[in-house]
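Derivation of every value follows stated rules applied to the coordinates shown; laboratory data play no part. Since we're looking at a predicted model, the values are computed, not measured. Cβ sites come from the backbone with ideal geometry, for glycine too, and all protein chains shown count toward neighbours.
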Amino acid sequence: MNATATKRSYRASFILDNRGKEDSIEQIIDGVKEVIAAVHGEVTAVENLGKKDFVRVTDRKMTSGAYVQISFNGPAEAPAHLKERLRLNGSVYRTFVQSV
């Protein structure tokens, strides 16, 4: 079976949290890109949307976050694997992956 035939395109939106951490947003983005590569994804575009205030604040200590969108190609199971690997990453506050 051809591996490229099973690749799909995704756009992942992340809210990053670097409060109290030495890592810059760019370093966190590089880490997320490494995780995407680890789940057999291929990053096609990165867009740093900057810091935005949340419309609904669920944690009073965190009222805003850095928004980043990363487009990538990968196998059908890539989004689930990506979310699972980032779930324990304290620098990634939220992850949303959609197929495009």
Item to check | trypsin sites (Lys or Arg not before Pro) lying in DSSP loop within region 59-100, provided at most 12 other Cβ fall within 10 Å | outcome: R60, K61
Checklist entry - What angle, in degrees between 0 and 90 and rounded to the nearest 10, separates the Cα long axis of helix 78-87 from the longest principal axis of the Cα atoms of the chain? => result 30 degrees
Checklist entry - With the chain treated as a Gaussian network of Cα nodes joined by springs under 10 Å, which of G50, G20, G41 yields the largest mean-square fluctuation? => result G20
Checklist entry - lysines near K52 by alpha-carbon distance under 17 Å, same-chain residues fewer than 8 away left out - which ones? => result K61
Checklist outcome for this item: With the 8 Å Cα cutoff and a minimum separation of six or more residues, the chain has a relative contact order in percent of 47 percent
Next on the checklist: Along the Cα→Cβ direction, 7 angstrom out, place labels at A45 and D23. What is the inter-label distance in nm?
Outcome noted: 2.5 nm
Item to check | C-alpha center-to-center spacing [region 71-86, region 1-65] in angstrom | outcome: 11 Å
Checklist entry - Angle between the Cα long axis of helix 25-38 and the longest principal axis of the chain, 0 to 90 degrees, nearest 10? => result 30 degrees
Checklist entry - Stretch F54-T6 to full length: gain in nm at 0.36 nm per residue minus the Cα-Cα span? => result 13.7 nm
Checklist outcome for this item: Computed, not fitted: 222 nm per-residue ellipticity of the chain from DSSP H runs ≥ 4 (each -39500 (n - 2.57)), nearest 500, equal to -7500 deg cm²/dmol
